[in-house]
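Following: one structure in structure tokens, then a few remarks.
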Amino acid sequence: MDGKKLREDNKRLKKENKELKDRLKKVEKEFEEFKAKHAVTVANLQKALKIKEDKKISHKPLGAPKGHKGYTRCVPERVDCVKPLMLKRCPCCNTVLKGGPQEIRSRYVTDILPASKVNVTQYDIPRKYCPKCKKIVEPEVPNVLPRARLGLSLMLLVMYLKVGLRLPAAKVCEYFMTMYDLKISKGGVFVILRQLAKAFGNYYKQLEQFVRLARVKHSDSTSWRVNGKNYFAWVFIAFGIVIYKIKKRNNHKVGLALFGKKQEGNVLVVDRHSAFRTLAEKAGFTLQLCWSHILENSKVLAKDFGKNGGKQVHKKLKEIFAIAESFNHKGTPEIVEQLKGEIYQLTQKHYKSSTVRKFVNNLYYRDVENLFIFVTDPEVDATNNISERELRELIIIRNISKGSRSIKGANTTATLLSIIQTLRLNQKNILTGLQEILNNKNTIPQLQENTSQN
């Protein structure tokens, strides 16, 4: 009885399913006919109801295309040792193999030791009396900082791990304990960083002088915390040099203390922060405002005030910037005046939103002279993206450490990160570069080539 009832229900459901499919095909056919006759009505209806068409997602095939040349690790330039392998029995059937090999192939394997021991050196230092200086003198201990109990190579590795790779102090201690069976406390890590910051002090001042003399500079700032209080981190870039500073205030005095007041004819590429306008006025800079920030601000206007002129302004600014970029820094003053005229045309239109109207008016009446310096100057970039990228390094450290415990610690971080990022920007090996800086004392050999090109 139950089996008969199930068969009847199954037959009934199949019949209903077929009727529904036929009805669906009929409705789809009628809709396509209606859509063909009233395409405009359907489009307006979809727009009013905010209905978007289904997008067909086409994924790219995985892997390299056919015929693509494969890549592999290059053969090492240096081979430390050669180890010939012996083959007396077949690895498959254990048969004894006689005679010499038919061929020999080479396989290169690069490896490291799982753990290394530290090298402790005892220096016996002779001390003698100098009759001319009238005091006891002694020779300098090589590759070690004054009053440091750890070697310079070890201290620089601590600096690279803590600041360059942004590892917490506890992780740095764990690394040395695991790799070298060397115990370093978290407090010892910060002592090492302070000693190195002092050792790099003269080099850091030389970097400041190079940035001060550059014709084109970039700058930006972000927030920082020192012992729970609000501070600000600044970045200054020029000549392939990166300078970080952490200060209490976020005004023009930070840049003025670095650059001085004699910057007439020099260009500062920045965002629209008011501190930079005051800095330009006090120091004599010509400003080039960052177009990435301008377009980002107009994009927000297009999102919030699209119907009140925001979309129109954003679209027009994108067109103006595309035209300005197309001249590839080879434009003329006449072209610059035409571009300024395009910005002026935006102020002549009516906007329902006061926010959009204020943005456009500020862009012309306040900032128009600082928008198109890059059109005629090949050394000036249209954006301040390089500052954003370099400032991100400090932001990541801030997000990990939540700031600094003291202003001395903040200055240590700024000094050491400036050295590391300058080496990175010049594509130098960081550990080798740090050694060269301290060995050459007050010279900057790795920047001479870069400076001459600029």
Percent relative contact order for segment 295-454, counting Cα pairs under 8 Å at least six residues apart, stands at 16 percent
Quickly estimate the mean residue ellipticity at 222 nm for the chain, helices only: each DSSP H run with n ≥ 4 gives -39500 (n - 2.57), and the total goes over all residues, rounded to 500. -15500 deg cm²/dmol
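Would you mind getting me the FRET efficiency between residue 68 and residue 34? Use the beta-carbon distance for r and R0 = 56 Å, nearest 0.05. Walk me through the numbers before you get to the answer.
On the way: r = 49 Å, r/R0 = 0.88.
The calculated FRET efficiency here is 0.70.
If we sort 71-77, 411-417 on the protection proxy, mean other Cβ atoms within 10 Å, highest first, what's the order?
On the way: 71-77: 7.0, 411-417: 22.7.
Result, highest mean first: 411-417, 71-77.
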Which whole-angstrom value gives the distance between the alpha carbon centres of segment 256-285 and segment 306-359? 25 Å
Label model pair residue 249, residue 5: point-to-point distance (7 angstrom along the Cα→beta-carbon line) in nm is 8.9 nm
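As an exercise, use a Förster radius of 60 Å and the Cβ-Cβ distance of residue 429 and residue 21 to find the FRET efficiency, rounded to the nearest 0.05.
On the way: r = 69 Å, r/R0 = 1.15.
That gives a FRET efficiency of 0.30.
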Can you tell me the order of 115-124, 418-427, 98-107 when each peptide is scored by its average per-residue count of other Cβ atoms within 10 angstrom, highest first? 418-427, 115-124, 98-107
The simple spin-label model distance between residue 304 and residue 358, using points 7 Å out along Cα→Cβ, in nm, is 0.9 nm
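Could you tell me the calculated FRET efficiency between residue 135 and residue 400, based on Cβ-Cβ distance and R0 = 45 angstrom, to the nearest 0.05? Show your work: numbers first, answer last.
Values: r = 47 Å, r/R0 = 1.05.
So, using R0 = 45 Å, E works out to roughly 0.45.
Tell me, 203, 365 in order of fewest to most beta-carbon neighbours within 10 Å?
Details: 203 21, 365 11.
Listing 203, 365 from fewest to most nearby Cβ atoms yields 365, 203.
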Cα gyration tensor category, rounded, prolate or oblate, for segment 144-252 with a/c compared to 1.5: prolate
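Tell me the volume per residue, in Å³, of the convex hull enclosing the alpha carbons of segment 291-383. Working shown, then result.
Values: hull volume 7.1 nm³, N = 93.
Per-residue hull volume (Cα only) is 76 Å³.
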How many percent of DSSP beta bridges within the chain run antiparallel, rounded to 5? 70 percent
What whole-number distance in Å separates the alpha-carbon centres of segment 364-416 and segment 158-226? 18 Å
Shape verdict for the chain, please, from the Cα gyration tensor: rounded (a/c under 1.5), prolate (a/b greater than b/c) or oblate. oblate
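For segment 185-306, give me the percentage of DSSP beta bridges that are antiparallel, rounded to the nearest 5 percent.
Antiparallel bridges make up about 70 percent of those DSSP assigns within segment 185-306.
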Dipole magnitude of segment 291-383 about its Cα centre, charges +1 at Lys/Arg Cβ and -1 at Asp/Glu Cβ only, in debye to the nearest 20? 820 debye
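Every number here is computed from the coordinates shown, using simple stated rules; none is lab data. Because the structure is a prediction, the values reported are computed rather than measured. Please note: Cβ atoms are built from the backbone with ideal geometry, for glycine as well, and neighbour counts cover all protein chains shown.
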